[in-house]
Amino acid sequence: MPNWVWVMYYLFLLLTLISAIYSCFRGNLIYWAYATVIVSLMVPIVGLLFRAQRTEAMNELAYLFSQLGNGDIWAVLITVCLVYVGLWWVLFVREEVDMDAMIRRFRKISEMVKRRFYHLKNKSDRKREGS
């Protein structure tokens, strides 16, 4: 796989680790955060050991899917851990983001934009009438 894919993958896992540590310090989702710290540290190690077994003919993702189809325990473990990381992000965002405040902010911005366009439209109409 291209290097940029690996960079994004490891940055995603690093960001996951940072979010879990942040959640621990805030006292939110403590047990989920502890598990996320363990998983985000374990996935790269297990993944490297797992990918070392593949042949050169397959890329890493194809190898993971083929081994998942064969019922390989390491492929299942990696897949379950990545699904858990996705679940963590859903829980983390739901806990940390105040959706009501975000909706109010979007509405406020929308009203400001509408007023600005209304003002510009009236200004251009007055300019046309004056000419």
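The values are calculated or read from the model by the stated rules, or taken from the named source; none is laboratory data. No experiment lies behind these values; they were computed from the predicted model shown. Cβ placement follows ideal geometry from the backbone for every residue including glycine, while neighbour counts extend to all protein chains displayed. Each accessible area value is taken on the protein alone, full model and side chains, heavy atoms only, with ligands, DNA and RNA left out. Shrake-Rupley method; radii C 1.70, N 1.55, O 1.52, S 1.80 Å.
How much accessible area does Tyr22 have with a 1.4 Å probe, in Å² rounded to the nearest 10?
100
Which helices, taking whole DSSP H runs in the chain, have alpha carbons extending 27 angstrom or more along the helix axis plus mean Kyte-Doolittle at least 0.0?
On the way: long enough: 3-26 (34 Å, 1.34); 30-51 (31 Å, 1.75); 73-96 (34 Å, 1.66); 99-130 (46 Å, -1.40).
Membrane-span-like by this rule: 3-26, 30-51, 73-96.
First obtain the Kirkwood hydrodynamic radius of the stretch 62-112 from its Cα pairs, then insert it into the Stokes-Einstein equation at 4 °C and 1.567 mPa s, and state the resulting D in µm² per second as a whole number.
Result for D is 94 µm²/s.
Cut-off under 17 Å on the C-alpha distance; same-chain residues fewer than 8 positions from Lys108 excluded. Which aspartates and glutamates are left, in chain and number order?
Straight-distance partners of Lys108: Asp98, Asp100.
Per residue, how much accessible area does the chain show when a 1.4 Å probe rolls over the protein heavy atoms, in square angstrom?
75
Using a Gaussian network model of the chain with C-alpha springs under 10 Å, which one of Leu120, Leu15, Leu41 is most mobile by mean-square fluctuation?
Taking springs between Cα atoms under 10 Å, the residue moving most is Leu120.
To the nearest 10 square angstrom, what accessible area does Ile109 show with a 1.4 Å probe?
Number for this one is 80 Å².
What order do Tyr63, Tyr118 take when sorted by accessible area (1.4 Å probe), most exposed first?
Largest to smallest exposure gives the sequence Tyr118, Tyr63.
Along the Cα-to-Cβ line of Trp74, 7 Å from the Cα, sits a label point; which residues in the stretch 1-24 have backbone N less than 18 Å from it?
Under cut-off, by backbone N: 1.
Cα-based Rg (one decimal) and Dmax (whole number) for the stretch 14-108, in Å?
Answer for the stretch 14-108, Rg first and Dmax second: 17.2, 56 Å.
Could you please state how large a percent of the accessible area of the chain is carbon and sulfur, counting protein chains only and using a 1.4 Å probe?
68
Connecting C-alpha atoms closer than 10 Å in a GNM of the chain, tell me which of Ala57, Ala33, Ala75 has the biggest fluctuation.
Ala57
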